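So the structure is just underneath, and the comments pick up after that.
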Amino acid sequence: MAVFMVILCFLFVLCICSALLRWNEVRYRKKGLPPGTMGWPVFGETTEFLKQGPNFMKNQRARYGSFFKSHILGCPTVVSMDPELNRYILMNEAKGLVPGYPQSMLDILGKCNIAAVHGSTHKYMRGSLLALINPTMIRDQILPKIDDFMRSHLSGWANQVINIQEKTKEMALLSSLKQIAGIESSSISEAFKTEFFKLVLGTLSLPIDLPGTNYRRGFQGRKNIICMLEQLIEERRASQEVHQDMLGCLLSDENRYKLSDEEIIDHIITILYSGYETVSTTSMMAVKYLHDHPKALEELRKEHLAIREKKRPEDPIDWNDLKSMRFTRAVIFETSRLATIVNGVLRKTTQDMELNGYLIPKGWRIYVYTREINYDSFLYPDPLTFNPWRWLDKSLESHNYCLIFGGGTRQCPGKELGIAEISTFLHYFVTRYRWEEVGGDKLTKFPRVEAPNGLHLRVSHLAN
Ligand code: HEM
């Protein structure tokens, strides 16, 4: 009897499970959809996706091809791993393939942030952003600030154990604050840092507005940052002083892009946010790879010592120096590729549409998954090896399938700025110090590249 009851219970649980598993399949059943599975109600296949990461994608691709449906992070999603199609999707926003970032991100970054606007508003906002960070601005205004910041941020690291993850995160945020509003390391930047870290966590949370949730804290961080920026704008207007920084340009009467205060604030938050994790993680991983590849470090150091030799110690890095850093640029690209700092980008459909011969219903997410192409042995022979030299052939950077900085109308406008920051950081790091890893620190690669307990280095003077 007991055995019979156990079997009955088992069959009952089995029926419930298979009914639940069918739920999403039935809910999203429509003729012409791409192949794939939809997983459990509400959660879909999120757990498998987060747990197995790239392997989940590879397994699904093996079963269903490079274009398959799933249900991840709360939304029905089509994953595209096809390089040609990925490029097509990024180049065709006007056909109704707009950014599809999570609600929490859009809420916390603001309704005027660049990922939340489309069409002519996007064009205008992007134009105004490019006016702040174009090559001329980098050369004349931003690079001197970056240099000044890096010199002091990277001083006094010798004879210490440092957590390079923490240092590069601080670097990315504080360097941007200096470029944006001349804010130096001080009490205001400390207050800003606290609120900004809350904001970042909030953008990666579930949009549940309850006390104690990261979403609520992120929103609070946003509100406090807005207060600080409003105060700064007020002070600038009252003082009538001319400031040579991004905020100065945004407030200038001569700026052809006229933005409201709300747009200016969301712009600043966007610049801080977009350059934060990308620049800090690439810098940290470059340090990691250089540590593990002494030949590459030697070549990089040679490039930077040659630049230093022609200068007095107090002379800053200038535009010509930056342009001469060919191997440094190659190290940055190789780091971004091998570590895959950005796994892909998200889009959503504004109407039912046909893509690759399949129907994609309105409102579905498309995950333009670019990770796999970074390990394509045709494009990058011996793809798992850190080999910056491959990037000395400039044509690789502009290859159609190289989407490290995105593509199409949303291609990263901060690419050259990010490269300038990381290059200047590497300049002062490798010309001042040598380092070894303390060892034992864990690195995770998915869904984000990070060292959960930090990446600790024992640093000493280069001359020692
Ligand atoms: C190594 C550094 C960086 C990497 C790897 C990177 C990567 C990317 C990628 C892949 C995209 C495309 C997103 C999409 O299509 O949805 C993007 C967009 C963007 N990036 Fe970067 N980025 C970096 C640095 C920066 C910096 C320093 C800034 C600062 C201004 C910045 C600002 C932006 C903005 C505003 C967008 C959105 C553009 C738009 O929607 O028109 N990025 N970035």
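Only the coordinates and a few stated rules stand behind these numbers; no lab work does. In this text the structure is predicted, and so the values were computed from the model without any measurement. Cβ placement follows ideal geometry from the backbone for every residue including glycine, while neighbour counts extend to all protein chains displayed.
From the mean inverse distance of alpha carbon pairs (Kirkwood) and the Cα radius of gyration, derive Rg over Rh for the stretch 221-339. Walk me through the intermediate numbers first.
Numbers: Rg = 19.7 Å, Rh = 17.8 Å.
Radius of gyration over Kirkwood radius for the stretch 221-339 works out to 1.11.
Determine the calculated [θ] at 222 nm for the chain from helices alone, applying -39500 (n - 2.57) to every DSSP H run no shorter than 4 residues and normalising by the residue count; nearest 500 deg cm²/dmol. All intermediate terms of the calculation are to be shown ahead of the outcome.
Working: 16 runs with 239 residues, N = 464.
My calculation for the chain gives -17000 deg cm²/dmol from helical runs alone.
Suppose the chain between L130 and Y358 were pulled fully straight at 0.36 nm per residue; how much longer would it get relative to their current alpha carbon spacing? Walk me through the intermediate numbers first.
Numbers: separation 228, 0.36 × 228 = 82.08 nm, distance 3.63 nm.
Contour length minus the Cα-Cα distance gives 78.4 nm.
Roughly speaking, what is the centre-to-centre gap between the stretch 237-262 and the stretch 329-384 when only Cα atoms are used, to the nearest Å?
Result: 37 Å between the Cα centres.
Please work out the FRET efficiency for the pair R256 and W319, using the Cβ-Cβ distance as r and a Förster radius of 30 Å; give the result to the nearest 0.05. All intermediate terms of the calculation are to be shown ahead of the outcome.
Numbers: r = 24 Å, r/R0 = 0.81.
The computed FRET efficiency comes out at 0.80.
In nm, give the distance between the simple-model label positions of S377 and R312, each being 7 Å from the Cα along the Cα-to-Cβ direction.
A separation of 5.5 nm, rounded to one decimal place.
How much net charge surrounds E234 when only the other residues with a Cβ under 15 Å from the Cβ of E234 are counted, with Lys and Arg +1 and Asp and Glu -1?
Values: positive: R236, R237; negative: E230, E235, E241, D261, E262.
My count for the surroundings of E234 gives -3.
How many angstrom lie between the C-alpha centres of the stretch 75-103 and the stretch 413-464?
Measuring centre to centre over Cα atoms gives 32 Å.
Calculate, for V42 and Q231, the FRET efficiency according to 1/(1 + (r/R0)^6) with r their C-beta to C-beta distance and R0 35 Å; round to the nearest 0.05. Spell out each step's value before the answer.
Values: r = 42 Å, r/R0 = 1.20.
My answer for the efficiency is 0.25.
What lysines could a cross-link reach from K442, if we take a straight Cα to Cα line under 29 Å and drop same-chain neighbours fewer than 8 places away?
Qualifying lysines at Cα under 29 Å: K51, K58, K167, K169, K193, K198, K288, K295, K415.
Where does each of 235-241, 260-266 land if you order them by average Cβ count within 10 Å, highest first? Show your work: numbers first, answer last.
Values: 235-241: 9.9, 260-266: 17.7.
So the order, starting with the most tightly packed, is 260-266, 235-241.
Once Rh is set to the Kirkwood radius over Cα pairs, what Stokes-Einstein translational diffusion coefficient, in µm²/s, holds for the chain at a temperature of 4 °C and a viscosity of 1.567 mPa s?
Numbers: Rh = 24.1 Å.
Stokes-Einstein gives a translational diffusion coefficient of 54 µm²/s.
Within the stretch 369-455, report the chymotrypsin sites (Phe, Trp or Tyr not before Pro) that DSSP leaves as loop and that have at most 11 other Cβ atoms within 10 Å. Please list the in-between numbers first.
Numbers: sites: Y369, Y375, F378, F386, W389, W391, Y401, F405, F425, Y428, F429, Y433, W435; in loops: F378, F386, Y401, F405.
Sparse-neighbourhood loop chymotrypsin sites (Phe, Trp or Tyr not before Pro): F378.
Considering only C-alpha atoms, what is the centroid distance from the stretch 189-205 to the stretch 107-136, in Å?
21
Set the Förster radius R0 to 22 Å, insert the Cβ-Cβ distance between A62 and L384 as r into 1/(1 + (r/R0)^6), and round the FRET efficiency to 0.05.
Once the sixth-power term is evaluated, E becomes 0.70.
Compute the relative contact order of the stretch 82-461 as a whole-number percentage, counting only Cα pairs closer than 8 Å that sit 6 or more residues apart in sequence.
Working: 485 pairs, mean separation 103.1, N = 380.
It rounds to 27 percent for the stretch 82-461.
Run the numbers for L206 and H118: contour at 0.36 nm per residue of separation, minus the present Cα-Cα distance, in nm.
Working: separation 88, 0.36 × 88 = 31.68 nm, distance 2.40 nm.
Extra length from L206 to H118 when fully extended: 29.3 nm.
How much length is gained on full extension from K415 to T194, taking 0.36 nm per residue of separation minus their Cα-Cα distance?
On the way: separation 221, 0.36 × 221 = 79.56 nm, distance 2.62 nm.
This chain segment gains 76.9 nm when fully extended.
Can you give the net charge of the other residues whose Cβ lies under 14 Å from the Cβ of L97, counting K and R as +1 and D and E as -1? Mind showing how you got there, number by number?
Working: positive: R87, K95, R347, K348, K362, R365, R410; negative: E93, D352, E354.
With Lys, Arg at +1 and Asp, Glu at -1, the neighbours total +4.
Report the net charge of residues surrounding R458, where surrounding means a beta-carbon distance below 10 angstrom and charges are Lys +1, Arg +1, Asp -1, Glu -1. Working shown, then result.
Numbers: positive: R434; negative: E436, E437.
The answer is -1.
By average Cβ neighbour count within 10 Å, what is the ranking of 437-446, 91-100 from highest down? Walk me through the intermediate numbers first.
Details: 437-446: 13.0, 91-100: 17.1.
Top of the packing list down: 91-100, 437-446.
Tell me which of Q60, A306, Q141 sits at the most positive position along the dipole axis of the chain, charges placed on C-beta atoms (Lys, Arg +1; Asp, Glu -1).
Ranked along the dipole, the leading option is Q60.
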